[in-house]
Amino acid sequence: MSKTLVPAGTLYRGREGQWSWVAHRITGVVIFFFLLVHVLDTSLVRVSPEAYDAVIASYKNPIMGLGELGLVAAIVFHAFNGIRVILVDFWKKGPRYHRQMLWSVVGLWAVVMIAFSIRHLMHVFGG
Amino acid sequence: MATPTIESPRSGRVSPGYSRSSASRGNFEMIAWLFMRLSGALLVVLIFVHLYVNLVTGDGISAIDFGFVAGKWADPLWQIWDLTMLWLAMLHGTNGIRVIINDYAEKNSTRMWLKGVLYTSTVVIVVLGTLVIFTFDPCPVIDGVAHVADYCSAT
């Protein structure tokens, strides 16, 4: 079989540009579906205080606690990378420094997530 | 033999056949693109404060219950805060999903159905959330039984 028949795959350019774009889409979709659920769970305050407290109690168990870390991780990445996208689009030197800005995003994300994880796990596990 | 005149691209006199956008779409996509950046910048502030106040300060998630919500929505600032967050996040998210549907759903009918479901969900969630914020009652009486809390005056 000739080499030319091998599909090129779905990689566009790879590297920081494409992977940050992929991560931005995935985190965006995750956040959107949580938002739908979050408006519904908050709406239970109009059903009864007991109904709201019962559903919110499920957010406090350890497995959901870890899920919340994942959600906040997605939000913080989407937020910082979103600022990077704005800078790429509107700042004259944005396109030139988009790689450096992505690594700044990843670094800031790691710092925020380490701090948040410690605090949130203390709340979830009653430390 | 007359030389054909080709107008410069931004002269506004380009023959309609060479125009990239049909007149009916207008500049919706440009407005949507701009909205994503403006709402995104605002949402960073709105959501970071939301997460900080609800999950980081005090006892974080373990302190969240009906009384916590009542305490926040007793202040019009948090009502407006949550209302703005609801509308901007839903529109920002809906437009994001719309773009993703346009990118990956190749059949016209699939795109139409997915976007139909998307827009219906958006309207339901935005209307529901808005009504909840404005009709919230911190001391509800359900089936004749009054909610007991220290901030509810006994009548």
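The values are calculated or read from the model by the stated rules, or taken from the named source; none is laboratory data. None of these values were measured; they are calculated from a predicted model. A quick note on method: Cβ atoms are made from the backbone with ideal geometry, for glycine too, and the neighbour counts reach across all protein chains shown. Just the protein is used for accessible areas: all its heavy atoms, side chains included, with ligands, DNA and RNA removed. Shrake-Rupley method; radii C 1.70, N 1.55, O 1.52, S 1.80 Å.
Annotations for the structure displayed:
- Only listed residue being within 16 Å of the chain's Cα centre (by Cα), of a type in the set (A, V, I, L, M, F, W, C) and either more than 9 Å from every other protein chain (Cβ to nearest Cβ) or outside any loop (DSSP other than H, G, I, E, B) (or both), chosen from B:Ile125, B:Ile101, B:Ile61: B:Ile125
- In a residue-by-residue description of the stretch A:76-90, the property of being under 19 Å from the mean Cα position of the chain (by Cα), over 22 Å from B:Leu38 (Cα atoms) and facing chain B (nearest Cβ under 10 Å) applies to no position.
- Residue pairs whose Cβ atoms lie under 8 Å apart, separated by 6 or more positions or on different chains, with the first residue in the stretch A:32-56 and more than 23 Å from B:Ile97 (Cα to Cα) and at the interface with chain B (Cβ under 8 Å from one of its Cβ atoms) and the second assigned to a helix (DSSP H, G or I) and charged (D, E, K, R), are A:Tyr52/A:Asp41; A:Ile56/A:Asp41.
- Within the span defined as the stretch B:63-86, one or more residues are within 18 Å of A:Val76 (Cβ to Cβ) and open to solvent by less than 50 Å² (accessible area, probe 1.4 Å).
- The stretch A:38-87: number of residues that are polar (S, T, N, Q) and modelled with pLDDT under 95: 3
- Just so you know, in the stretch B:87-131 the residues that are over 18 Å from A:Ile31 (Cα atoms) and in contact with a Leu (Cβ under 8 Å, 6 or more places away or on another chain) include one that is least open to solvent (accessible area, probe 1.4 Å), and it is B:Ala105.
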